[in-house]
1. When Ile223 is evaluated against the numbered criteria (1) within 21 Å of Met105 (Cβ to Cβ); (2) touching a strand residue (DSSP E or B) at 6+ places or on another chain (Cβ under 6 Å); (3) within 14 Å of the ligand (Cβ to nearest atom), which criterion, by number, is the only one it fails?
2. Residue pairs, Cβ under 8 Å, 6 or more apart or interchain, first in region 270-299 and more than 14 Å from Phe335 (Cβ to Cβ), second part of a loop (DSSP other than H, G, I, E, B) and modelled with pLDDT of 95 or more. List them.
3. Identify the residue in region 103-133 that is assigned to a loop (DSSP other than H, G, I, E, B) and basic (Lys, Arg) and, among all such residues, is nearest to the ligand (Cβ to nearest atom).
4. Is there any pair linking a residue in region 148-161 that is among the small types (Gly, Ala, Ser) to one that is within 6 Å of the ligand (Cβ to nearest atom) and part of a strand (DSSP E or B), with Cβ under 8 Å and at least six apart or on different chains, and which?
5. Check region 162-174 and report whether any residue there is more than 13 Å from the ligand (Cβ to nearest atom), under 21 Å from Arg341 (Cβ atoms) and touching a residue at least 40 places away in the same chain (Cβ under 8 Å).
6. Determine the pairs where a residue that is within 14 Å of Cys131 (Cα to Cα) and within 12 Å of the ligand (Cβ to nearest atom), located within region 191-209, has a partner that is of a type in the set (A, V, I, L, M) and in a helix (DSSP H, G or I) with Cβ atoms under 6 Å apart, the partner being 6 or more residues away or on another chain.
7. Being at pLDDT below 80 and in contact with a Cys (Cβ under 9 Å, 6 or more places away or on another chain) is the filter here; which residues of region 285-343 pass it?
8. Quick check, is Ile224 buried (at least 21 other Cβ atoms within 10 Å of the Cβ) and either within 22 Å of Cys340 (Cβ to Cβ) or within 14 Å of the chain's Cα centre (by Cα) (or both)?
Amino acid sequence: MHPGAAIIFFMSAQFLISQVAYLVLRRAPFLRRRISDEGKRRLSFRPMAAAAAVSRDGLKKGIAEFYDESSGIWENIWGDHMHHGFYEADSSATVAGHRAAQVRMVEEALRFAGVSDDPLKKPMRIVDVGCGIGGSSRYLAKKYGSQVQGITLSPVQAKRAQDLTMAEELADKVSFQVADALEQPFPDGQFNLVWSMESGEHMPDKEKFVRELARVAAPGGIIIIVTWCHRDLLPSEEELKPDEINLLNKICKAYYLPKWCSAADYVHIAESLLLQDIKRADWSDNVAPFWPAVIKSALTWGGLTSLLRSGWKTIKGALVMPLMINGYKKGLIKFAIITCRKP
Ligand code: SAH
């Protein structure tokens, strides 16, 4: 199929399916009731109506299946870092520069958080929460010579992460398991560096998420959260505007995301947990070239054929990529880093 025809086909198929789903939902009273009950229970964070209707278990299953299905194609095109690259603001990205930009994202996050390179102070025990196929885990293990444990919801990712780690002869330092970030399989106070690169957006309970990150951190340990947020609300606002909620809901459905929060919400949570040295920054301008580059790579012959072979969840993810660009352009989606330290 011609690439252009393929895209039109995918877009029409998605439109048709969304219309059918809409009609079914409108006509199913029991579903309407569930959504509105769920709505009443929502407390501290602003509503993402469609996302809130998904149960926790349903969400976890969706996330696991999404990454089981899509990680191979991502790795083939982009390598083992499954996160944005960090670019000079207003620069345009070259394909060759993407891998370097992704590594730079890791380095910039460490620098921003003030992680020390000093042999006596560098982090010797690290947890990678939402580790993908272990790009960050291996990078950090090599950089610091530390022990790293990664957790992911996707069995396919955990296996691939382990295989890549063995191939790099790092298996004595780095290991992976399938586990939930909201109930981490680690005792309290284990890790000098708690690392979460682009997994926070999947967490249905942001407060519990940060509490778990803090629980497993050793005293004095550094916590780094790099994540997608929505813009901070104005003092006069109770919630985002309806068209903003609508846009985020579409992204939520395709990427298995629950309700979003702002970077200010993360800061409030960290403050309420008495974490120290809380810092935040908005890196949205530094990641701006990323999604256009991902779309470009998907529109190559190799990208399109891989997409066709991958499955519907991956295709749905590809179809909403322009919405991410739109969200950034509107100032609605923010690429945020939040760092802090356990007392
Ligand atoms: N940090 C990795 C991968 C980012 S993709 C990287 O930068 O390369 C998001 C990751 O978050 C996936 O591995 C997904 O399985 C994981 N994830 C999402 N929700 C999770 C949860 N509740 N518990 C553990 N991992 C989770």
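The values are calculated or read from the model by the stated rules, or taken from the named source; none is laboratory data. This one's a predicted model, so the numbers in the text were calculated from it and none came from an experiment. Cβ sites come from the backbone with ideal geometry, for glycine too, and all protein chains shown count toward neighbours.
1. Ile223 satisfies all of (1) within 21 Å of Met105 (Cβ to Cβ); (2) touching a strand residue (DSSP E or B) at 6+ places or on another chain (Cβ under 6 Å); (3) within 14 Å of the ligand (Cβ to nearest atom) except (3).
2. So the pair list comes out as Leu274/Pro343; Leu275/Lys342; Leu275/Pro343; Gln276/Lys342; Gln276/Pro343; Asp277/Gly114.
3. Filtering first and then ranking leaves Lys122.
4. The qualifying pairs are Ala158/Thr152; Ala161/Thr152.
5. no
6. Pairs that qualify, where the first residue is within 14 Å of Cys131 (Cα to Cα) and within 12 Å of the ligand (Cβ to nearest atom) and the partner is of a type in the set (A, V, I, L, M) and in a helix (DSSP H, G or I), are His202/Ile63.
7. Within region 285-343, no residue meets the criteria.
8. In short, yes.
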